[in-house]
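Beneath this line is the structure, given in structure tokens, with notes to follow.
Bear in mind that the values in this text are calculations on the coordinates, not laboratory data. Predicted model only: the values in this text are computed from it and were never measured. All Cβ positions, even for glycine, are placed from backbone atoms using ideal geometry, and neighbour counts span all protein chains on display.
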Amino acid sequence: MTAKKAGKEEKPWKGRFTVATDQLVEEYTESVSYDKRLYKVDIEGSKAHASMLAKVGVLTDKERSTIIEGLDQILEEIEQGEFNWSSTLEDVHMNIEARLTENIGDAGKKLHTGRSRNDQVATDIRLYLRQGIESLSAEIKVLMMALLDLAEKETDTIMPGFTHLQVAQPVTFGHHMMAWVEMLRRDLDRLSDCRRRMNSMPLGAAALAGTTFPIDRHYTAELLGFDAPAENSLDAVSDRDFAMEFMSTASFIMIHLSRMSEELVIWSSAQFGFIDISDAYCTGSSIMPQKKNPDVAELTRGKSGRVIGNLVALLMIMKGQPLAYNRDNQEDKEPLFDSLDTVMAAVRVFAGMIPQLTVRSEIMYRAAKQGFSTATDLADYLVRKNIPFRDAHEIVGKAVQAAEQAGHDLSDMSLDELRSFSDEIDNDVFDVLTLEGSINTRDHIGGTAPNQVRAAIKRVREAF
Ligand code: ARG
């Protein structure tokens, strides 16, 4: 067996080898089946590299323009679906370079001067992910807008607030939606942090130590929209911390969506009945005709496991790798792409589902009236009458016990009945025992009072 294959399928390292790659090894080591999605950024990076090489005199202007035209033509071929991807050529980088040389001859062979696939791939992933982060951030904003609209519509809608999934204190549905908005707001912030840290350019690091050519890395960085060239060549080609950071942010987003999903599942059950999820976002059962299942929410909860798994995979891939590049790093792409795709799809489908929720305000109101959700308000009322909080807590506990035995709410008790627990109680107690009284008095920044929720919505809208 010889190491030489016909024409463009030759390996670039054929000079050193006498035996051809084993067929199984070829299948085992290829990445083109999944890294071909980097084609656009790979071409963009190559064009910038060629321009830089011409600027410093390593390529002639003629060679530069031949290369750039050749790369544009390949871009066209790929987008028309006419490009012939070959797994013998391993990855997206070698596929494109081989085709370029096939099309334009010797100038194509010069493109790889002062560069290695190690700095090339590290650059490509950053360019790709940068774009991904921008698109994802835009999608998250669409979802946040939908939540803000819903919060605005339901600012006065009273529901039970829960701790331990037991009725705790009344809140408004708008306030609850704004809690979701806050989670996503921090996720957006994390994405922009991650984008900022990853926006430094590996190109020029070459294989690991830099290059002997008089390259101008600042120029290439500028052409590609990087903030600066990466400081250290060994680090630039080897670390994938930027991808881990993105994947951990993706995991946070999925965990947030998963928690929202859990609430949607609970709220849409017959036992709660707080909301109705549109048929367009549910599926039925093949056997039980009555069923309408909240599958989108359930799948999102499930997919969070997958995105967290992807993060853990990359953490494990990186652990124990010595400097600089190791082939282990090729394993970064599948989990990274999967996380990006999954979180993008989840955010999109949520943004479609939220505006179509039906909110059953009467049912939520009724649920808030059960479970003595204004008990704390009564305790606070007694504190304002100079009773120490711990004593007030005990007095109200007794009142709750009595109300429970009588099978009604605190607000259904007569004034005389209430006064049997404390003679500090007057007629004005009913202002705090009602659900409306309870939410209206939580009137400070971050509280559930409807005017505070309206102000919170306004602040977020203004910051957009
Ligand atoms: N496909 C490779 C990767 O994704 C590109 C870099 C290969 N470098 C090498 N020295 N074999 O990591």
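Okay, here's what the table says:
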| quantity | calculated |
| --- | --- |
| Degrees between helix 61-79 axis and first principal axis of the chain (Cα, 0 to 90, nearest 10) | 50 |
| Integer Hz, Karplus 6.51/-1.76/1.60 couplings in order for the range 150-167, x for Gly and Pro | 5, 4, 5, 5, 10, 4, 9, 7, 8, 9, x, x, 10, 10, 6, 6, 10, 4 |
| Farthest positive-ward along the chain dipole, Cα basis, beta-carbon charges - from Gly210, Val432, Ala146 | Gly210 |
| Degrees between helix 92-104 axis and first principal axis of the chain (Cα, 0 to 90, nearest 10) | 40 |
| Residues His408, His112, sorted so that the one with the fewest Cβ neighbours within 10 Å comes first | His408, His112 |
| Crossing angle, helix 375-384 versus the chain [Cα axis fit, 0-90 degrees, rounded to tens] | 70 |
| Within straight-line cross-link reach of Lys11, lysines at Cα separation under 17 Å, skipping those fewer than 8 residues along the same chain | Lys109, Lys110 |
| For the range 1-122, size of Cβ-based charge dipole, Lys and Arg +1, Asp and Glu -1, in debye | 540 |
| Where only alpha carbons of the chain are counted, the Rg and the Dmax (Å) | 30.8, 102 |
| The range 209-318: translational diffusion in µm²/s, Stokes-Einstein, Kirkwood Rh over Cα pairs, 20 °C, 1.002 mPa s | 119 |
| Theoretical FRET efficiency, 1/(1+(r/R0)^6), r = Cβ-Cβ of Thr60 and Leu315, R0 35 Å, to 0.05 | 0.15 |
| Sites Ser420 and Gln271, calculated FRET efficiency, Cβ-Cβ separation with R0 41 Å, nearest 0.05 | 0.75 |
| Highest average packing first - 40-52, 99-111, Cβ atoms within 10 Å | 40-52, 99-111 |
| Spin-label pair Lys398/Lys153, simplified geometry with 7 Å Cα→Cβ offset, distance in nm | 4.7 |
| Computed magnitude of the charge dipole of the chain (debye, nearest 20; Cβ of K, R +1, Cβ of D, E -1) | 1140 |
| Projected label distance in nm at Gln290 and Tyr28, using a 7 Å step from Cα toward the beta-carbon | 5.7 |
| Highest to lowest packing among 153-162, 453-462, scored as the average C-beta count within 10 Å | 153-162, 453-462 |
| The range 334-464: proportion of alpha-carbon pairs further apart than 25 angstrom, % | 47 |
| Sequence-distant residues sharing a close amide H with Thr172 (under 5 Å, placed H) | Met159 |
| Highest-first arrangement of 331-344, 280-293, where packing means the average Cβ count within 10 Å | 331-344, 280-293 |
